[in-house]
Amino acid sequence: MVFGSMDGSKNLKIERNEPSNPTTLADLASENIGVFCWCNRCNHNAELSISSLISILDPLFPVPKLGSLMRCSACNAQDVVTRPAWPSPGGGAIARHD
C-alpha cells in the first residue's frame, strides 16, 4: 500500500505484514524467552534458545525475520515462521495449528 505525503512530493510505502517496531533477539533475551518456530509445510515446530541465536546473529536482529533464514529439520522446507515463545498460563499450548 502506498500513501502520498502532505506535499505530494514523496510516497511512503508501508508493508502491512511488517511491524514498524518488531521484537528483537535482545528483547527476548531480557525476558529469557526463546523463539518459537513453525513450519507451514509439515506443521513441525520447535523452540530455539535465545542465547544460541544471539551467539550467531546480532542481538538487534528482528524475530519475525528469523524464519527467512531457517529450514525445517523435518521436511527441509524454507517455509518457516517465527515468533516469541511466550509462556502460557498452566504450561499448555497457546494455539494449535493442526
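The values are calculated or read from the model by the stated rules, or taken from the named source; none is laboratory data. Because the structure is predicted, anything quoted here is derived from the model rather than measured. Glycine also receives a Cβ, built like all others from the backbone with ideal geometry; neighbour counts cover every protein chain displayed.
Side notes on the structure shown:
- Failed condition for Asn11, given (1) modelled with pLDDT under 90; (2) touching a helix residue (DSSP H, G or I) at 6+ places or on another chain (Cβ under 9 Å): (2)
- Leading residue by the ranking (modelled with the lowest pLDDT) among those in the stretch 89-98 that are of a type in the set (Gly, Ala, Ser) and outside any loop (DSSP other than H, G, I, E, B): Gly91
- Residue count, the stretch 14-52 (criterion: modelled with pLDDT of 95 or more and of a type in the set (Lys, Arg)): 1
- Long-range neighbours under 6 Å by Cβ, at least six apart or interchain, first residue within 20 Å of Leu53 (Cβ to Cβ) and among the acidic types (Asp, Glu) within the stretch 74-95, second surrounded by 11 or more Cβ atoms within 10 Å (Cβ to Cβ) and at pLDDT 75 or above: Asp79/Asn40; Asp79/Arg41
- Test for Ile56: is it at pLDDT below 95, loosely packed, with under 15 Cβ neighbours inside 10 Å, in contact with a Phe, Trp or Tyr (Cβ under 7 Å, 6 or more places away or on another chain) and farther than 14 Å from Trp86 by Cα: no
- Looking across the stretch 65-88 at every residue that is outside any strand (DSSP E or B) and under 8 Å from the mean Cα position of the chain (by Cα), the one that is surrounded by the fewest Cβ atoms within 10 Å (Cβ to Cβ) is identified as Lys65.
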